[in-house]
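The values are calculated or read from the model by the stated rules, or taken from the named source; none is laboratory data. The model shown is predicted, which means the values in this text are computed figures rather than measured ones. For neighbour counting, all protein chains shown are included, and Cβ atoms are generated from backbone atoms with ideal geometry for every residue, glycine included. To get the accessible areas, we keep the full protein, side chains included, count just its heavy atoms, and leave off ligands, DNA and RNA. Shrake-Rupley method; radii C 1.70, N 1.55, O 1.52, S 1.80 Å.
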Amino acid sequence: MVPIAAAVSAGAALLIALRAGGALAVAIPGLPDPGPLTTWALPLVRLLSDALATLTVGMLVTAAFLLPGNGPSVSPHGWLLLRRAGALSLGWAAAALTLIVLTVSDLLGLPPQRLSTAVVVSFASSISQGRALLLQAGLALTVAILARVGVSRGLAAAAAVLALIAVTPPAFTGHAAGAGNHQIAVSSLVLHVLAAALWIGGLAALLAVRRSRHLADTAGRYSRLALGCFTAVAISGLANAAVRLGTVDQLWQSRYGWLVAGKLVALVILGVAGAAHRSRTLPALHAGKPGAFRRLAAGELIVFAATLGLAVALSRSPTPVATNPADAEPLTELLGFSMPAAPTPGNLLGQPLPDLFFLTVTAGAAAAYLAGVRRLRRAGHRWPIARTASWLAGLLVLAAFTGLGVARYAYVLFSAHMAQHMVLSMLVPILLVGGAPVTLALRALRRPADPQVRGAREWLMLALHSRPTKLLTHPLVALGIYTGSLFGLYFNDLLGALMRSHLGHLAMLVHFVASGYLLFWVLIGVDPGRRRIPHPILVLIHLAAMMAHGFFGLVLMQTTTVIAPDWYISVHPAWASSLLVDQKLGAGIAWAFGEIPAAAVMILLVRQWIRADQREQARLDRAADRAEATGEEDELTHYNAFLAAARQAGQDQDRGQRP
C-alpha cells in the first residue's frame, strides 16, 4: 500500500503544483504547440525518472554501506536490494531516453510523432541538455549491469557511487545553468539533488528490508546519514531559492515562490519526523517494537513523494528571476556575473564569487578534521598542532582562491587563472599533505560494533590497499599526471571548452588540487597507503617535476599565439592589456611561482632522508646492543662477516692467479 500511496501523493502534488505555478498555461494561437501528449507526459516522465533514480541510489547505498555483509559479499537482504536496483535503473535509463524525445518536442513545439530521428539524434549529441540526458541514460544502464553481475560489497559500492554521479548531469543544464550567478545556482542544485536522493532513497530501502533482523542497527546508521542530508538539503535549497527568487518578497508574491514555500513546509515536516525517529521510534525499534518506526517511515515517504512532485513542477515553472531573459547582457549570461572593474588588492579580496561546492568541501573537511582531533584528545592521545595548522591553512587558501575576488578575475584574465592554478596545484596540496589526514582518520574513526559492517575506517583501508591506489602512487605515474596536465590543458583547445561549462570549470579546479596532492603525497607524505620509495629516488622525482614545471613556463613565455582564443577574446575586459601581454604575465607567474614551494619540498625531503637514516642507524645500534647482551650475532655482525669472507675470497683468488 505504501508504494501506491506514495505514487498518488507524488502525482497529485505534481499536477496541483503545475497548475499553481503556471507551467500549464494555455497555448497562444499562432505559436508552436507540442500538443497535450508532451505537455502532460514531459513532467510525468521527469517525475518517474527522478523517482527511479532516487530509489536506485537508496537501494545501492543501503546494500553496500548500511546493511551488514556476509564476508566480502552483501547480505541476503543486500542481494535483494541489488536485484531491485538493477531493475529500477533499467527503467531509469528508459525514462531518460524518453525525456530526450519529449524535450525535443517541447523545445520545437512539435508533437513527438512529427519528430524525425535525425533531429532527436542531433539534440542528444550536440545540445548540452540532450547530452546530459544521454549521459544519464548510459550511466543508469551501466549501474544496471553492475548491480546484476556480482554480489561483492565492493561492486555494490562502485554501483552506488556511479548511481550518485548519474543523478547529477541534468542539474547542470536546467534553470540553474541559465541563471545569473550560476556558480551558486548550479552547485547548490547538484548538492540538493544528491542529498535528497540519499535521504529519500535510503528511507525507501529501509522499508524494503523492514523484516530484516538487522533493521534496528541499519536504521541507526541511516539516521546519521539522514541528519547530514537534511542539513545539506536545507542549506542548498535556500541558496538555490535565493538565486531563483531574487528578493524575499517574491516568496509570497510569485507563483514560483508559493511552490518554494510548499517545499519549505514539507522540509519542516520531514525535519520533525526525523527528530521523532531519533528520540522515539529508534529506541523502540532497538527494543523490538518496529511498528511505530514503520508507520512513521511510511508517512515520511509519502511526504517525500509529494516533495518530489513539487520539485518537478518547480523545474517546469517560470522563475521570478528569468533564466534566459531576452535583454540579457551576453557577457553576464556567459560568466554568470557582470564584468569586474580593474583588479586592485581590494577587488581581489572584496568581490567574492562563492561556489557552494568548494564552500561545502572546505567547511566539511575542516569540521571533520577538528572532530577527529577532538576525539583523539578526549581519548588521551596527542595530535601535533603543526599538522592541524597546516590542514586548516590549506583549506583556507583553497576557499580564498575559489571564492574570493581572484576567482572572479580568473574567468576573464589568463594571468589570474594561472595564479589560481599555481596556488591550487602547489601551495594548497603541500599544506593539505602536511596535515596527514589519512593518519588522523585511521586513528580517530571507530570500528563498527558489528564486524560484518564496513564503516568509514574499513572502506578507507580498502581504498588505501587497492590496486588503483598502488598504481596512482607510483612516483612516475604521479609525476606524469601532474606534468601532463600542465601541457595537456594549455596547448590544445581543452582550456576554452572547460571554461565554458560550470561542470568543466569545477572539474578543472578539482584536478589542480588532486593532481598536486597526489604528487606531494608521494614525495613528502607521512600517511600510510603510499608506496615506500627510497629517498634518493624521491629527490630525483622532485627534481624532474621542478624541471618540467620550469620548462612549461619557458615554453609558455615563448608562445606567440593566444591560448583558448574563443574564450578569452569573448571575455576580454576593456581595461586589460592585450591578450598576449596578459598571457606572458601568466607565463611568468607559472615560471616563477614554483620556486619557493619547490625549495620547501626539497628541504622537507632532505630532512626526511636524514631522519630515515638516523632511525635506521638507531635500529642497528639497538640490535647490536641486544646481540652483545645476549651473545647472539646481529645484522651488522653478519654483514661484516660477509664482507670479510668476500675479501678473503678475493685475496685467495689473487694468490691462485700468481705464477
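The equivalent ellipsoid that matches the C-alpha gyration tensor of the chain spans semi-axes of 50, 36, 23 angstrom, in descending order.
Over all orientations, segment 1-120 has a Cα convex hull whose mean projected area works out to 10.1 square nanometres. Over all orientations, segment 29-95 has a Cα convex hull whose mean projected area works out to 5.4 square nanometres. As a ratio to 2.2 N^0.38 Å, the alpha-carbon radius of gyration for segment 133-254 is 1.27. When the solvent-accessible area of segment 407-501 is split by element, carbon and sulfur atoms take up 65 percent of it, the probe being 1.4 Å. Can you give the longest run of the chain that contains no trypsin sites (Lys or Arg not before Pro) sitting in a DSSP loop with at most 12 other Cβ atoms inside 10 Å? Longest gap between qualifying sites, sites excluded: 1-210. Volume per residue of the convex hull around the Cα atoms, evaluated for segment 58-165, comes out as 90 Å³. Of all accessible surface on segment 280-319 at a 1.4 Å probe, what whole percent is carbon and sulfur? Carbon with sulfur: 64 percent of the solvent-accessible area.
Where in segment 530-544 does the label zone of PHE551 land, with the point 7 angstrom along Cα→C-beta and an amide N cut-off under 11 Å? Answer for segment 530-544: 544.
Evaluating kT/(6 pi eta Rh) at 25 °C and 0.890 mPa s, with the Kirkwood radius of segment 256-386 over Cα pairs in the Stokes-Einstein relation, gives 120 µm² s⁻¹. Computed extension length for ILE610-TRP575: 7.4 nm, one decimal, from 0.36 nm per residue of separation with the Cα-Cα distance subtracted. Between ALA12 and ILE145, the simple label model (points 7 Å from Cα in the Cβ direction) yields a spacing of 4.2 nm.
Summary value for segment 348-462: 33 percent relative contact order, contacts being C-alpha pairs under 8 angstrom separated by 6+ residues.
All C-alpha to C-alpha distances of segment 515-582, sorted into 5 Å bins beginning at zero, yield P(r) values of 3, 13, 16, 14, 11, 10, 10, 10, 9, 4, 1 percent in whole numbers.
Size of segment 344-394: Rg and Dmax of its alpha carbons, in Å, are 15.2, 48. Apolar share of the accessible surface for segment 328-392: 67 percent from carbon plus sulfur atoms, 1.4 Å probe. Average accessible surface for the chain: 48 Å² per residue, computed with a 1.4 Å probe over protein heavy atoms with every protein chain in place.
How big is the Cα convex hull of segment 406-542 in projection, averaged over all directions, in nm²?
Numbers: hull surface 41.2 nm².
Mean shadow area of the hull around the Cα atoms is 10.3 nm².
Membrane-span-like helices in the chain, defined purely by DSSP H runs whose alpha carbon atoms cover 30 Å or more axially and whose average Kyte-Doolittle hydropathy reaches -1.0, are 36-61, 76-108, 128-149, 182-208, 215-245, 255-276, 291-316, 356-378, 502-524, 535-558, 595-630.
Panel note: the C-alpha atoms of segment 102-153, placed on their principal axes, show extents of 47, 21, 16 Å (largest first). In terms of overall dimensions, the C-alpha atoms belonging to segment 197-343 reach 65, 36, 23 Å along their principal axes, ordered largest to smallest. If only the Cβ of Lys and Arg carry +1 and only the Cβ of Asp and Glu carry -1, the dipole of segment 25-149 around its Cα centre is close to 300 debye. Shape summary of segment 344-498, radius of gyration then Dmax from alpha carbon positions: 18.7, 58 Å. Amide H to amide H, with H built 1.01 Å from N, GLY69 comes under 5 Å of VAL453, ARG454, counting only residues 5 or more places away or on other chains.
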